[in-house]
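J.: Take a look at the following structure, please.
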Amino acid sequence: AQKITQTQPGMFVQEKEAVTLDCTYDTSDPSYGLFWYKQPSSGEMIFLIYQGSYDQQNATEGRYSLNFQKARKSANLVISASQLGDSAMYFCAMREGQWTSYDKVIFGPGTSLSVIP
Amino acid sequence: EAGVAQSPRYKIIEKRQSVAFWCNPISGHATLYWYQQILGQGPKLLIQFQNNGVVDDSQLPKDRFSAERLKGVDSTLKIQPAKLEDSAVYLCASSPEWGNTIYFGEGSWLTVV
C-alpha cells in the first residue's frame, strides 16, 4: 500500500533563508514518481517539482530543489531564499508505476510554512 | 491552454440535500481525478477515470457519492444525501497520458449545515 508521511505540521522560516520540508514514502514498486505541490490560502494546487525513481540527479526548479534519498525513501523539498509569498501549505505526493493512466497519485497530510519578515 | 475548469466554486446546502459538481479537464487529458480535501488535511482520491472508464473508486462512499464521465471529457460528482462531514473542497484534476504531473482546478468548496 502507498503511504506518504510529512512529520512537520507547521514550519517557520525567516525571509531570505533556506528551509527544508520533510517527506518520507513507502512503496514496494521500483518505479514511482514524487511530487511537491504548494497550496496557498486561496486553495489552488500549484505544481512545484517532480522526481522520478530512476532519475540520477536531484530535481531542481528555480528556488526549489528535491533532496532525493532513495535508500531512505525520503524526498525532502528545499526552498532557497524564502519569500513572503512562499507562505502556504506544501504537499508531498507519490505515484507508483511508470506513469500510466492507471496509476494513482496519493498525497501526504501537508506542512504549513510561514515566512517571517 | 485553458486549465481545469470547475463549478460551482462555492456551495452551501443543508444536510440531506443533494449537490453536484462539474469538471472540464484540460483538452486531450485522458485521466481525470476527483479528490476530497477536508480542511487541514491532504487531498484524498475519491475516483479516477481513464477516458470514460473508472480506474479506481475504492475510497468513494458509494452509498451517497456518484460520479460519471460521459464521452470521456467532462465529469460530474454528485452527493446525495449530504452529511455534515462532507464539508470539504472537491478538487478535480487531469493528466495527460504521458507526462510527469497532474493539473488541478481551483476547487469547489462545499459547506453542509
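Read-outs: derived from the displayed coordinates by stated rules, not from any lab. Source: prediction; values computed, not measured. Reconstructed Cβ throughout: ideal geometry from the backbone, glycine too, with neighbour counts over all protein chains shown.
J.: Return the Rg/Rh ratio of the stretch A:59-117 with Cα-based radii and a Kirkwood Rh.
T.: With Rh from the inverse mean 1/r over Cα pairs, Rg/Rh is 1.03.
J.: Report the number of Lys pairs in chain B whose alpha-carbons are under 16 Å apart, with separation of 8 or more residues or on distinct chains.
T.: 7
J.: Can you check how the C-alpha radius of gyration of chain A compares to 2.2 N^0.38 Å, as a plain ratio?
T.: For chain A, the normalised Cα radius of gyration comes out at 1.03.
J.: To the nearest 20 debye, what is the magnitude of the charge dipole of the protein assembly as shown about its Cα centre, counting +1 on the Cβ of each Lys and Arg and -1 on the Cβ of each Asp and Glu?
T.: 440 debye
J.: Same structure, new question: Among A:Ser53, B:Ala30, B:Gln6, whose Cα projects farthest towards the positive end of the dipole of the protein assembly as shown, with charges put on the beta-carbon of Lys, Arg (+1) and Asp, Glu (-1)?
T.: Among A:Ser53, B:Ala30, B:Gln6, the one farthest towards the positive end of the dipole of the protein assembly as shown is B:Gln6.
J.: Return the long-range amide H neighbours of A:Cys23 (sequence gap of 5 or more, or a different chain), with a cut-off of under 5 Å between placed amide H atoms.
T.: A:Ala75, A:Asn76, A:Leu77
J.: Would you please name the trypsin sites (Lys or Arg not before Pro) within the stretch A:1-67 that are DSSP coil residues with at most 15 other C-beta atoms within 10 Å of their C-beta?
T.: Hits after loop and neighbour filter: A:Lys16, A:Arg63.
J.: Restricting attention to the stretch B:7-113, which GluC sites (Glu not before Pro) occupy a DSSP loop and are surrounded by at most 12 other Cβ atoms within 10 Å?
T.: Here the sparse-neighbourhood loop sites are B:Glu14.
J.: Oh, and also: Taking trypsin sites (Lys or Arg not before Pro) as exposed when DSSP calls them loop (any state but H, G, I, E, B) and at most 15 other Cβ atoms lie within 10 Å, what is the longest stretch of chain B free of them, the sites themselves excluded?
T.: After excluding every exposed loop site, the longest remaining stretch is B:17-61.
J.: For chain B, what does the relative contact order come out to in percent, with C-alpha contacts under 8 Å and a separation of six or more?
T.: Value for chain B: 37 percent.
J.: If you take the Cα Rg of the protein assembly as shown and divide it by 2.2 N^0.38 Å, with N the number of residues, what do you get? Each step should come with its number before you reach the end.
T.: Numbers: Rg = 17.6 Å, N = 230, 2.2 N^0.38 = 17.4 Å.
The reported ratio for this selection is 1.01.
J.: Oh, and also: Using the Kirkwood radius built from alpha carbon pairs, what does the Stokes-Einstein equation give as D for the stretch B:11-87 at 25 °C and 0.890 mPa s, in µm² per second?
T.: So the translational diffusion coefficient is about 188 µm²/s.
J.: Which one of B:Ala20, B:Pro81, B:Ala67 has its Cα pushed farthest toward the positive end of the charge dipole of the protein assembly as shown, where Lys and Arg give +1 and Asp and Glu give -1 at the Cβ?
T.: Highest projection toward the positive end goes to B:Pro81.
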